[in-house]
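What follows is a set of notes on a single structure, which appears directly below.
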Amino acid sequence: MVNVAYVYPWDVVGDPAAAERIAALGVTTVALAASYHSTRAATPFHPAHRVLDVPHSAFYLPVRPEAWGRLTPATPTWTTPDAYLLAQSALRAAGLRVHAWTVLTHNAQLGTAFPHLVVRNAFGDPYPYALCPSAPDVAEYCERLVREVLVAGRPDGLILEGCGPMGFAHQGVHEKTSGAGYDPDLMSLCFCASCAPRYPTDTRTRVRNAIDTDTSTEVRTSLDTDTRPHAAALDTQAHAGTALHTPTDTRTHARTPTEPPPHDAPKSLVDAALGPLADEVRAVRVELSASLRHRLITAAREIAPDIPITLHANPDPWATGPFAALPTGDPGADVLVGNCWGDPATDAARLSRLAELCTPGQRVGAYVLALPPRPAHPETLAELLTTYAKAGASEFHLYHAGLASPQRLTAMAQALELTRL
């Protein structure tokens with residue numbers, strides 16, 4: 001079993017004890033953020049601060065102007081410009097491998113500067129945090145980002161997050177929309193200047209009508225299986241060890257990627273709203289993630305042919321957010337990581353579906369939440385890990401070794417030990 005701890009550069013830089021503390025968890029690898037969005041993060045161990053405000057997206061390697069095109073990432077002011085390199089050096093000195101955790105299309109700093117390159121819903125409302133990969137400038141930026149991470153960072157592995165269009169539920173500000181009853185799938189369909197022409201005629205009208213009429217309520221009521229929790233429901237800010245970070249998509253069921261659901265299967269709200277247009281729109285959406293993924297994996301293999309590549313993935317073809325739609329799998333990646341922040345049975349089903357999509361030699365990882373609302377209880381966490389392993393996971397990706405309180409870090413380490421017994 002491979003154990004991976006997720007960490008920000010600022011968790012390590014300025015804290016001489018951080019690397020050894022992380023190694024003591026029982027992990028072999030650290031997912032170190034090379035590119036990340038805005039957040040407010042607890043730093044319960046850091047000798048200089050206990051909370052760090054990160055006001056905008058940034059690149060944690062030195063930004064070389066000649067390496068970038070129209071879109072250039074920002075340099076952090078809350079830590080050093082070479083924070084990734086400093087943290088990587090300390091972690092390697094503690095015997096850990098370092099994989100570059102690279103967030104791609106979630107970037108409010110660039111989205112605000114280039115509003116014509118962001119996801120827009122059927123009403124034309126922009127999502128500034130969500131760069132749309134259908135725009136050539138965005139796809140080029142993502143490729144340059146991957147190339148710079150590999151060339152300047154020289155990591156031991158590459159982790160791609162947000163490798164597709166972001167959506168309505170995973171955002172960058174305090175959420176105040178739950179009372180409107182919007183369906184996040186419908187509100188996530190992008191109608192920017194690049195996406196809109198790809199859809200069948202009347203797609204926009206169907207989506208707008210479904211959102212603005214009682215249709216969405218009626219369909220939602222009829223969908224007995226549509227019990228997935230909204231992402232914001234898990235967003236907790238309790239005490240040290242909690243990040244103000246919106247959890248990612250936690251859909252309950254995965255559909256066969258290339259075909260519509262069987263006639264006797266429950267449809268999602270977005271399928272029902274789109275009606276006969278669903279298949280064609282679904283294909284457009286899946287292709288957005290697939291084409292970006294292929295471009296980035298190809299670029300990565302040119303620079304580092306043997307580097308392990310991990311994808312944050314979701315088998316649901318309507319998925320948006322950090323875990324991009326991957327309904328047919330991808331043989332170019334080494335590890336497919338599924339989100340495990342929701343109901344354990346639902347999470348396990350998602351992992352099982354990813355395992356079915358794997359080609360020989362590919363592995364499945366479970367992105368395990370060790371923060372609230374999960375209890376700081378080693379036996380409970382070990383039970384979750386066992387459930388995910390039985391579902392097909394051979395890697396545990398632990399979120400998050402920098403945000404967790406001392407009690408939670410101890411529980412995390414004990415849970416890993418119990419799982420090995």
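No value in this document is a laboratory result; all are computed from the given coordinates. All figures in this text were calculated on a predicted structure; none of them were measured in a lab. Note: ideal-geometry Cβ built from the backbone for every residue, glycine included; neighbour counts use all protein chains shown.
For the stretch 23-28, 3J(HN,Hα) computed residue by residue from phi via the Karplus equation (6.51, -1.76, 1.60; θ = phi - 60°) reads 4, 5, 5, x, 9, 9 Hz, glycine and proline entered as x. Here I303, I211, I159 are placed in order of increasing Cβ neighbour count within 10 Å, fewest first, which gives I303, I211, I159. Exposure proxy ranking for Y199, Y129, based on other Cβ atoms within 10 angstrom of each Cβ and starting from the fewest, stands as Y199, Y129.
Ranking C132, C358 by Cβ neighbours within 10 Å, fewest first, what do you get?
Details: C132 27, C358 17.
Ordered from fewest to most neighbouring Cβ atoms within 10 Å, C132, C358 come out as C358, C132.
The protection proxy used here, the mean number of other Cβ atoms lying within 10 Å of each residue, ranks peptides 330-337, 185-192 as follows, highest first: 185-192, 330-337.
Across the stretch 388-396, coupling constants 3J(HN,Hα) worked out from phi with the 6.51/-1.76/1.60 Karplus curve, θ = phi - 60°, read 5, 5, 5, 7, x, 6, 10, 9, 10 Hz, and Gly and Pro carry x.
In plain terms, the C-alpha convex hull of the stretch 272-421 casts an average shadow of 10.5 nm² when viewed from every direction.
Model label points for E20 and E383, set 7 angstrom from Cα along the Cα-to-Cβ axis, are 3.6 nm apart.
Once backbone amide H atoms are built at 1.01 Å from N, H397 has V4, A366, Y367, V368 as its partners under 5 Å, excluding neighbours fewer than 5 places away on the same chain. Close amide H contacts of V118 (hydrogens built in the peptide plane, cut-off under 5 Å, sequence separation of 5 or more or a different chain): C132. If one puts a single equal scatterer on every Cα of the stretch 103-147 and applies the Debye formula without solvent, what log₁₀ I(q)/I(0) results at q = 0.19 Å⁻¹? The Debye formula, applied to the Cα set alone, gives -0.50. Could you give me the percent of Cα pairs per 5 Å distance bin for the stretch 1-125, shortest bin first, beginning at zero and ending with the bin that holds the maximum distance? In whole percents, the pair-distance histogram is 2, 10, 19, 21, 17, 12, 8, 6, 3, 1, 0.
Spin-label model, D53/T213: points 7 Å from Cα along the beta carbon direction are separated by 4.6 nm.
The label point for T410 and the one for T77, both projected 7 Å from the Cα toward the Cβ, are 4.0 nm apart.
The phi-based Karplus calculation (6.51 cos²θ - 1.76 cosθ + 1.60; θ = phi - 60°) puts the 3J(HN,Hα) values of the stretch 336-342 at 10, 9, x, 6, 10, 10, x Hz, whole numbers, x for Gly and Pro.
Shape summary of the stretch 71-135, radius of gyration then Dmax from alpha carbon positions: 16.2, 52 Å. Distant-in-sequence amide contacts of W101, defined by a placed amide H-H separation under 5 Å and a gap of 5 or more residues or a different chain, comprise L32, A33, A34, I159.
By how many nm would the segment from E66 to A345 lengthen if fully extended, with 0.36 nm per residue of separation less the alpha-carbon distance? Don't skip to the answer; put the middle values down first.
On the way: separation 279, 0.36 × 279 = 100.44 nm, distance 4.80 nm.
Extra length from E66 to A345 when fully extended: 95.6 nm.
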